[in-house]
Amino acid sequence: MVVLSVGMVPSASTKELARIAGIETDRFGFCSTQELQPNITSRPGVYVAGSFSCADGYPESVMSASAAACLASQAITEARGTLVTERSTLPRPR
């Protein structure tokens, strides 16, 4: 069997954005993460998902995005509801 495939590499603009944001990349140009923490970047509070984390397919990217969203929601848990203000309304006439 012969498999022909085109390799995936991050674009130059992706590498530049990572540099500006202060996110470390690996030797291939993808976001550098730890094996057991694939969504956590080198910058606290910044999470990675999709094709910047590694060359994954669509299902893996969706799963990765869900994990990153979960991590982001955990980070803002303490602030949840702090900007809510209660509105007072007049009672409706019957």
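Computed about its Cα centre, the charge dipole of the chain is approximately 580 debye, with only Lys, Arg, Asp and Glu carrying charge at their Cβ. Working note: Karplus 6.51/-1.76/1.60 with θ = phi - 60° gives the range 39-45 the couplings 9, 9, 8, 6, 9, x, x Hz, where Gly and Pro are set to x. Only Cα sites of the range 12-76 enter the Debye sum here, all with the same form factor; the resulting log10 I(q)/I(0) across q = 0.19 1/Å is -0.69, listed in q order.
Okay, helix-only estimate at 222 nm for the chain: each DSSP H run of n ≥ 4 adds -39500 (n - 2.57), divide by all residues, round to 500 deg cm²/dmol; what do you get? Display every interim value, and only then the final one.
Working: 2 runs with 28 residues, N = 94.
Calculated from helices alone, the mean residue ellipticity at 222 nm is -9500 deg cm²/dmol.
Amide hydrogen proximity for Thr25: with H placed 1.01 Å from N in the peptide plane, the residues at 5 or more positions away or on another chain lying under 5 Å are Ser32.
One Cα centroid belongs to the range 14-65, the other to the range 72-94; the line between them spans 34 Å. Roughly how tilted is helix 12-21, in degrees to the nearest 10 and between 0 and 90, from the longest Cα axis of the chain? Roughly 50 degrees, rounded to the nearest 10.
Each pair of Cα atoms in the range 43-91 enters the Kirkwood radius, and Stokes-Einstein at 10 °C and 1.306 mPa s then converts it into a translational diffusion coefficient of 119 µm²/s.
Every number here is computed from the coordinates shown, using simple stated rules; none is lab data. The structure presented is a predicted model; accordingly, all values stated were derived computationally and were not measured. So basically every Cβ, Gly included, is an ideal-geometry build from the backbone, and we count neighbours across all protein chains shown.
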